[in-house]
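One structure is given below, encoded as structure tokens.
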Amino acid sequence: MTTGQQAGRSRRRYEPDRRQRLIEVTLDVIAEHGVAGTTHRRVATAADVPLGSVTYHFASLEHLLASAFTHLAETAAAVFDAQLAAIEPGTDARAKVV
């Protein structure tokens, strides 16, 4: 392949954490368009990746949505656990949680 041919082709990005980034971008798309308005194509556009990249990592939209909501739940639980762990013994835990 000549240099001119290479210049016309886009370079493939190496992104080992693409799957995780797609999950996070999916949450942004859901926030903007709702669950019903979330599609593989919208996620691909928001993540600036080819549509095939999304369907490679997530065979169905249901799989993508389940992965995104699982990530959201795990992240929220980790934050909540950290907040509970930071409560000093003998203090009013209810006030700290609220």
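Bear in mind that the values in this text are calculations on the coordinates, not laboratory data. Every value quoted in this text rests on a predicted model; they were computed, and no experiment measured them. Every residue, glycine among them, receives a Cβ derived from its backbone with ideal geometry; neighbour counts consider all protein chains shown.
Here are the numbers for the structure shown:
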read-out: Sole exception among (1) assigned to a helix (DSSP H, G or I); (2) closer than 18 Å to Arg18 by Cα for Ala59, by number; value: (1)
read-out: Check on Ile23, of a type outside the set (Ser, Thr, Tyr) and assigned to a loop (DSSP other than H, G, I, E, B); value: no
read-out: Residues being surrounded by fewer than 16 Cβ atoms within 10 Å (Cβ to Cβ) and closer than 17 Å to Tyr14 by Cα - total across region 29-54; value: 4
